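Pasting in a structure now, in C-alpha cells, and then I'll have a few things to ask.
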Amino acid sequence: MTMQRTVGVVLLALALSGMAACHPRGRTPRAAPAAQPDVDLARAMDLFHRGDFRRAQVILQRVSFELTPGTPELARVRYYMAESWFQAGDYVQAASDFRKVADEFSTTEYAPLALLRAGDANLRLWRRPELDPSYGETALAIYQELAGRFPDSDAAARARAHARRLENQFAEKTYKTGIFYLRRKAWDSAIIYFKDVIANYPTTERAPDALLRLVDSYRAIGYKQELRETCEHLRRFYPQATQLDRSCPAAADSSATPSTPSTP
C-alpha cells in the first residue's frame, strides 16, 4: 500500500512538472493583433476597384464591426458594402442596403448616391415591365424622392433622366390601355386611363394625346361641360398639341362631332 502511494506521488509530481514546462512562469499568452480599420478599408477598396467584390465585401463587413457608431468612415463602408452586392448581381439585397445608407447617413455625401443606386437596383429587378410594374414604380418613386431631398446633387441630375424615361414608359403603357377601351367604345374605362396619364405623367409626351382622347370620349357620351373644360386645359397648357384645332374647334359647337380622330 505504501509502495502504491509512493508511485502515485511520483507520477503526480512528473505530471505537474510537465505542465510547468508547457507553461513557463512569467510567459503570458500572445495578444491578438490590434484591429486596423484604416488599413483594412484601404485593402477592401483596392479589391473593390480591381473587381474582386466578394473579398472586398468580407473585409468591409469586418471593418463595419470595428468602427464605432458615428465614425465618418462608416457611411463609406456601408455604401460600398451595398455597392458590392449590386456588382455581384444581388439587386434585392443591394436595394435594401442602399436604402439603409440613405436613411441612416442622411447628412453625408453618400445619402444621395445611395438613393440613386437604390433606384438603379430596383430598375435592374424590373424584368417584365409589361406584366408587373412594381419594381419600376419603386424605382421611379426613389428617383423622385432623390430629386426632392437633394435637388442640387449630381445624383439628382442623373436620377431626373431616369425618372423622365420611366414616366414616359408608364404614360405610354397607360395611354395604350385607354386606347384599347376607346376603340371598343368602353368610354368610362377609357376616361379613367386617360385621366391617369394626365394626373400622374403631365410632363410626358403622351399627356396632350391623352387629353385629346379624353375630348373624344366626352364628346361620344355627350359630356359637354367636361369636354369644354378639357379643351380649355389643352389650349392653355398644350397649345401646340397635334390635332388640337380639329378636336377643339374654337368657333364650332363643342357638341359637334369632328372627323374620326387618329389614335396612335
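The values are calculated or read from the model by the stated rules, or taken from the named source; none is laboratory data. Everything numeric here is computed off the predicted structure, so don't read it as measured data. Every residue, glycine among them, receives a Cβ derived from its backbone with ideal geometry; neighbour counts consider all protein chains shown. With ligands, DNA and RNA removed, areas are computed over all heavy atoms of the protein, side chains included. Shrake-Rupley method; radii C 1.70, N 1.55, O 1.52, S 1.80 Å.
I'd like the full set of residues that are surrounded by fewer than 17 Cβ atoms within 10 Å (Cβ to Cβ) and assigned to a helix (DSSP H, G or I), limited to region 196-225.
Ala199, Asn200, Ala220, Ile221, Lys224, Gln225
Residues that are without any contact (Cβ under 8 Å) to a residue 12 or more places away in the chain, under 25 Å from Thr203 (Cα atoms) and open to solvent by 50 Å² or more (accessible area, probe 1.4 Å): which helices (runs of 4 or more DSSP H) entirely in region 79-188 hold 1 or more of them?
On the way: elements: 91-104, 110-125, 134-149, 154-183.
Where helices (runs of 4 or more DSSP H) fall fully within region 79-188 and carry at least 1 residues being without any contact (Cβ under 8 Å) to a residue 12 or more places away in the chain, under 25 Å from Thr203 (Cα atoms) and open to solvent by 50 Å² or more (accessible area, probe 1.4 Å), they are 134-149, 154-183.
Which ones in region 59-70 are exposed (fewer than 14 other Cβ atoms within 10 Å of the Cβ) and either among the aliphatic types (A, V, I, L, M) or outside any helix (DSSP H, G or I) (or both)?
Of everything in region 59-70, those that are exposed (fewer than 14 other Cβ atoms within 10 Å of the Cβ) and either among the aliphatic types (A, V, I, L, M) or outside any helix (DSSP H, G or I) (or both) turn out to be Thr68, Pro69, Gly70.
Residue-wise test of (1) out of contact with any Asp or Glu (no Cβ under 9 Å at 6 or more places or on another chain); (2) under 20 Å from Pro249 (Cβ atoms).
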site	(1), (2)
Leu146	yes, no
Ala161	yes, no
Arg165	yes, no
Phe170	no, no
Lys173	no, no
Tyr181	no, no
Arg206	no, no
Arg213	yes, yes
Ile221	no, yes
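Working only within region 213-234, note down all residues that are in contact (Cβ under 8 Å) with a residue 40 or more places away in the chain and not basic (Lys, Arg).
Answer for region 213-234, where residues must be in contact (Cβ under 8 Å) with a residue 40 or more places away in the chain and not basic (Lys, Arg): just Asp216.
Please work out which one of (1) over 26 Å from Arg164 (Cα atoms); (2) within 38 Å of the chain's Cα centre (by Cα) is the condition Arg228 fails and give its number.
So Arg228 meets the others, but not (2).
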